[in-house]
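The values are calculated or read from the model by the stated rules, or taken from the named source; none is laboratory data. Please read these numbers as outputs of a predicted model, since none were measured by experiment. When we count neighbours, we look across all protein chains shown, and the Cβ atoms used for this are built from the backbone with ideal geometry, even at glycine.
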Amino acid sequence: MNRRDFLGGASASVLASGMLPLLAQDREKNVSPDDTFSVGVIGPGSRGQELIRQLLRIRGVRIAAVCDIYEPRFAEVDQLAGSPVPRYKDYRHMLERKDLDAIVVATPLYLHAEHVNAALNSGRAVYGEKSMGFTPEDSLSILRTVSETGKIFQVGHQYRYAPWFQDAVQRVRDLQIGKVTQIVAYWNRNADWRRPVPEPKDERLINWRLYREYSGGLLTELGSHHIDVANWVLGEQPIDVIGVGSIAVYHDGREVDDNVQVIFGYSEGRRMTFTSMTSNSLMGEQLWIYGTSGSLQLTLEDATFYYEPRPIHAVNPHSEMMQHGVTTGASFRAQGEMPYRGPGTRLATASGDDPTLVACRSFVDCVRGKKQPLADVQIGYAAAIAAACANRSIQSGRKEIIPPAPAAG
Amino acid sequence: MPVVQTLKRLLALCLLLANGGPSDYACASEPKRAAPAAQVFLETHTAMGTIFSIYLYAPTEREAHTVAQAAFDEVDRVEELLSNYRPSSELSRINREAALGPVVTDRETFAFVATSIGWSARTNGAFDITVGRLMKAWGFFRANGHVPSAAELAEAGRQMGWQKVILNSQERSVRFAADNVELDPGGIGKGYVVDRMVEMLRVEHVTSALISAGSSTIYAIGAPPGKRGWKVQIPDPEDHQRPISTVVLRDTSLSTSACTEKYFVLDGHRYCHIMNPHTLKPVEDMVQTTAIHPSATASDALSASLFVLGPEASLHLLKGMPEASALLLAGHGRVEHCTSVRWSDPEGGDVCHRTATKRNRKVEP
Ligand SMILES: NC(=O)c1ccc[n+]([C@@H]2O[C@H](COP(=O)([O-])OP(=O)(O)OC[C@H]3O[C@@H](n4cnc5c(N)ncnc54)[C@H](O)[C@@H]3O)[C@@H](O)[C@H]2O)c1
């Protein structure tokens, strides 16, 4: 690998994938001013509002309807949109509207399948948040509905759209760090994962992610992103999983573990380890891809390559050393005795746009142009089913086999 | 495991010969090395807090790599024996237990400690393997230099001194005559490991190689094809553009001691990491010493000894060592005196004379 390859900006693979951020005016010059794109949002909570914010940065997009069962959300959405947005308490009434081009589903996990399936069946394209489905059955049902309705579905794995992820993963798939057999991912925080609850009766509505009835805990909320990256790098979904978890710090009535350690098995003995804790933030969020000739560190901000020392090389007989000799000197180094890893080579991928914005823009483009999205239902299935089976393994204490997606058709 | 690796290599060679050779008995005889080495390869390895490198002539990269690995395995083995950074090393065990009573150790470790103590006796304590306590007092072990108080220095003085290391060769034991004595292989360990590497490479029939332990100890095996030996440049501490001398080494070693890599500056004063065990202070009046000796253990210990002894006492020591040569650059920060002993520079002439008149001095005892 030549260092200039890195510094020369985006790799050919990124250019070829068409994901290089183009100037907004170029990208949108074919969009006529009255070519409006009307979006209805189910569950405009924290993530739903972030998606609204990003969607409003795309020419022609209009937030035409929102549905929530928590009253304060409506005012928050009006504030974001700058004008009153028609509101619904029951998604079925919202889906009866005839003017919506697409539906965003950002409700708590246990509702994803119900909301996504209903929206697809109403004839709309859907942007559904991850994890795609709560139970294996949920994910399977979404897979079936997409295939039956033929409607566009994009899953909220926005890192598939991050330029530095695309560039780095392509380099890994081009064997630049050799054969990859191990992936180790950390998603650590030092916070109780609770949200403030103004009225005690709303505890389970607001802190839904802490209760097993609604949430798969750290695995579905954080792990599914890393599982998706591992699936991407290894080119398949995992075959089996074994995991453990516990509540070690936050004995506050929550039901989901505050730390988990899970190992996914892929073909040919390849493995991905996901570990997450909420009581120490040192490792933060990072994913390491280990190959036989190098390593890649992926984070929410960047990608850095490290190469295994390749200590032997031929010496040019006309080199400085062979002509003039080696130079002696004091060599006492104060450094420790850890194997030399070097500073690493950070990818200089042309970036700038938030991956969620790129993902939203790509979704709108796909719906307008009737194209299949990159983060499609298969990708959503592979990550969701793995996260669900990992939770089953934690509960059963046994290794769980992860069912593959049924053959299409 | 070097032995296992060597066996594996022999086995591989045997299989090769057995399959392609004319006789099924090929394994019975010593496998022959390929004819003249064609290419030079460089391989490096990190150990003992520094980088070891080997320049090696071999017919193929594969063969060079196999042989170099055997030498680096030897470095790792010795590090596990002598590292005072590793609690698991044999030297660390001696450091923990020898104040409580005699610690019986293996032959190699005992011989290493005995050789080190021998250098102390020979240099009147200028070289001292117990100097680690003093370096710690000056903050050199964990890289936070400070000037110790008189009390701290007195304390360090009580915990060091080569005479406090009592050896019993009959039972191969080491005992410390005071609490908190600590053996620190810093001034001799790299030379020792280079000698072990040379041994290993010679066993592997290497006839042309240059070994460097972080550039401070260098050993030349044979010479590059068609050359008299391997060139080594001794830097001029005041002029990085050109070396002060270039020597040609063949089947011998060279070691350099200097303050250029490890020191700390406090109130404008530069404190060197090389300690004078008699004053309990860093050496102040030496800039760089280089010693050449057929044994790398000896050249390493010798360059450190000369650094502490200073020119006069060094000349006396070198008189009794006809196989050694040396180049000493003395002065306070700047080079004020140059002393060379049996120093032969192929560029000819007197190295000290050529370098600068004000540093001119040459003695041939
Ligand atoms: N892609 C990402 O990076 C990312 C980041 C954060 C969250 N998420 C996902 O987004 C989803 C929502 O997470 P969040 O943090 O925004 O949670 P949230 O609790 O802030 O938002 C969920 C919203 O859904 C509403 N809701 C609950 N039940 C409803 C129902 N029956 N009908 C309509 N609305 C209902 C809630 O009142 C709330 O406003 C989760 O699946 C989460 O995993 C994805």
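Here are a few things to note about the model shown:
- Residue within region A:181-203 that is outside the structural domain of A:Ser46 (by TED's automatic domain parsing), within 12 Å of the ligand (Cβ to nearest atom), surrounded by 22 or more Cβ atoms within 10 Å (Cβ to Cβ) and part of a loop (DSSP other than H, G, I, E, B) present: no
- Among the residues listed as B:Ala12, B:Ala37, B:Ala26, B:Ala71, the single one being modelled with pLDDT under 50 and within 14 Å of another protein chain (Cβ to nearest Cβ): B:Ala37
- Region B:282-301, subset more than 16 Å from the chain's Cα centre (by Cα) and assigned to a strand (DSSP E or B), residue surrounded by the fewest Cβ atoms within 10 Å (Cβ to Cβ): B:Pro282
- So A:Val14, is it modelled with pLDDT under 95, in the same structural domain as A:Asp99 (by TED's automatic domain parsing), surrounded by 16 or more Cβ atoms within 10 Å (Cβ to Cβ) and part of a loop (DSSP other than H, G, I, E, B): no
- Condition met for A:Ala118 (more than 10 Å from the ligand (Cβ to nearest atom), more than 27 Å from A:Asp35 (Cβ to Cβ) and free of Cβ contacts under 8 Å to residues at least 60 places away in the same chain): no
- Of all residue pairs spaced 6 or more apart or on separate chains, those with beta-carbon atoms under 8 Å, a first member in region A:131-144 that is under 14 Å from A:Ile379 (Cα atoms) and a second member that is part of a helix (DSSP H, G or I) and of a type in the set (Asp, Glu) are A:Ser131/A:Glu221; A:Met132/A:Asp138.
- Residue tally, condition touching a strand residue (DSSP E or B) at 6+ places or on another chain (Cβ under 7 Å) and among the small types (Gly, Ala, Ser), over region B:223-242: 2
- Close pairs (9 angstrom Cβ cut-off, 6 or more residues apart or separate chains): in contact (Cβ under 8 Å) with a residue 12 or more places away in the chain in region A:99-112, within 6 Å of the ligand (Cβ to nearest atom) and of a type in the set (Val, Ile, Thr) anywhere: A:Ile103/A:Ile42; A:Val104/A:Ile42; A:Val105/A:Ile42; A:Ala106/A:Ile42; A:Thr107/A:Ile42; A:Leu111/A:Ile42
- Residue count, region A:34-61 (criterion: away from the ligand (no atom under 15 Å from the Cβ), modelled with pLDDT of 95 or more and of a type in the set (S, T, N, Q)): 1
- Taking the conditions (1) within 16 Å of the chain's Cα centre (by Cα); (2) at pLDDT below 90 in turn, B:Pro87 satisfies each one other than (1).
- Only one of the listed residues (B:Ala330, B:Ala304, B:Ala326) is buried (at least 19 other Cβ atoms within 10 Å of the Cβ) and within 21 Å of A:Gly325 (Cβ to Cβ). That residue is B:Ala326.
- Test result for B:Asn95, surrounded by 18 or more Cβ atoms within 10 Å (Cβ to Cβ) and either in a helix (DSSP H, G or I) or away from chain A (no Cβ under 14 Å) (or both): yes
- For region B:139-180, a residue qualifies if it is surrounded by 14 or more Cβ atoms within 10 Å (Cβ to Cβ), touching a strand residue (DSSP E or B) at 6+ places or on another chain (Cβ under 7 Å) and assigned to a loop (DSSP other than H, G, I, E, B), and the qualifying residues are B:Gly145, B:Val147, B:Arg172.
- For A:Phe74, the criteria (1) touching a Lys or Arg at 6+ places or on another chain (Cβ under 8 Å); (2) within 9 Å of the ligand (Cβ to nearest atom); (3) of a type in the set (Phe, Trp, Tyr) hold in every case but one, which is (2).
- Among the residues making up region B:297-349, those that are acidic (Asp, Glu) and within 21 Å of B:Ser253 (Cα to Cα) are B:Asp300, B:Glu323, B:Asp345, B:Glu347.
- Scan of region A:139-155 for residues that are surrounded by 24 or more Cβ atoms within 10 Å (Cβ to Cβ) and either hydrophobic (A, V, I, L, M, F, W, C) or within 12 Å of the ligand (Cβ to nearest atom) (or both), ordered by number: A:Ile142, A:Phe153, A:Gln154, A:Val155
- Of all the criteria given as (1) within 14 Å of chain A (Cβ to nearest Cβ); (2) surrounded by fewer than 22 Cβ atoms within 10 Å (Cβ to Cβ); (3) out of contact with any strand residue (DSSP E or B) (no Cβ under 9 Å at 6 or more places or on another chain), the one not satisfied by B:Asp76 is (3).
- With respect to (1) in contact with a Leu (Cβ under 7 Å, 6 or more places away or on another chain); (2) closer than 30 Å to B:His337 by Cα, the lone exception for B:Leu254 is condition (1).
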